[in-house]
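Nothing in this text is a laboratory measurement; each read-out follows from the coordinates by a stated rule. In this text, all values refer to a predicted model and were calculated from it rather than measured experimentally. Cβ atoms come from the backbone with ideal geometry, glycine included; neighbour counts cover every protein chain shown.
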Amino acid sequence: MTPADGINLSLGRLVALGRLAPDAARGGHAPSHNGSVAGRRRGQGSDIHDLRPFQDGDDPRKLDPAATARSGRAQVRTFHEDVDRTLLLVADFRSPMLWGTRGRLRSVAAAEALALEGWRAVAAGGRVGLHAVRDDASTATAPRPRPAAMLDICAALVRVHGEALALPAALGPDLATLLDHAVAQGMPGSEVVLATGLDTPGADFANVVEAAIRKCRLRVLLVQDRIETDPPPGVFPVHAGRGIRQVRFGSSTGLGLLQGLGVPAEVLYCSDDPLRRSESA
C-alpha cells in the first residue's frame, strides 16, 4: 500500500478501507449510519418470497387466483420488497478544503471517509456513484453495484484530488451550487452523502438543502481540522494550491447550521485515521 503523507490521496489506502466495510454492513447497515443501505421502501417488489395457504389475518388482495384454482384452496403469494440502495458520494475538493494542520488535509479526510461509506454500501449490495468537485470543474460517475464500481470511484477520487492540488488557488463554486448539481444527478429516494468543511455555503444554501431533502436522504460528513474547534489567536500562513494565504482561525459554526436545517451530520476530524484505529483495535 502506498505510504500516506496526508497531502496526496493514496489509492492503496482507499482500497484498504474496503476491509472495514463487511463488519459495518452486517445486518443491513452500519449501526452509526442509519439509512445508509436500508433505503426507502418502494412497494412489494417483483421477486416471489412465499406462496402458501391463506390464513386468518392475511390480506385478501394478495390472493393468487391461478394457484388457488390449481390447488382448490385459497393461496397467498408474497414478494420481496424493493429497496432503494443507491448512494451518491459528493466530494468537496475546492480550495478551502486543501489544507490541514494535523494528520491529513481536510480534502484527504473527506475522500477517505467517503470511500469507507461507499465500501459499506457495496458490501451490503448497494449501488454507489460519485460527484467530485474542484474549483474549475466537476466529475460524475453513475451509481453502479459491486466492488469494481468502488475501485473506479477510488481511482476517480485520487485523480480529481491530484488535479485540485495542482490548480492555483481560485474562487470556485459555492457549496449551494455544488450540492444543487450533485442532487440533480441523484435519483429520488437515494441517499446523498456530502463530505465538506462547509466553506462558502452561499446565499442560497438553505433553499438548496430544503430542496435536496425533499428529493433524497441527505447526510453530511462535516470535515474539521482540530484548529477549527480550538483556534489559536493570531494570523497564520496557509498553503492554498500553489499559493499561500494569510488566515485567522475562528471556531466553526457549521454543525449548528446543519442542525438548524434538519440535516443529519457527523463531525469528522482530519487527525482521526480509520485505518490506524482498526489496526490497533
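Remarks
- Between the residues Ala155, Ala69, Met97, the greatest Cα displacement towards the positive end of the dipole of the range 66-174, with unit charges on the Cβ of Lys, Arg, Asp and Glu, is found for Ala69.
- Ellipsoid fit via the Cα gyration tensor, the range 98-170: semi-axes of 24, 15, 8 Å, each the root of five times an eigenvalue, largest first.
- For the range 141-211, a simple Cβ point-charge model (Lys and Arg +1, Asp and Glu -1, everything else neutral) yields a dipole of about 380 debye relative to the Cα centre.
- On the basis of the beta-carbon distance and an R0 of 45 Å, Glu210 and Ile244 show a calculated FRET efficiency of 0.75.
- Remark: the Ala166-Asp230 segment gains 20.1 nm on full extension, using 0.36 nm per residue and subtracting the alpha carbon distance.
- Pairwise FRET efficiency - Thr68 versus Arg276, Cβ, R0 = 45 Å, nearest 0.05: 0.15
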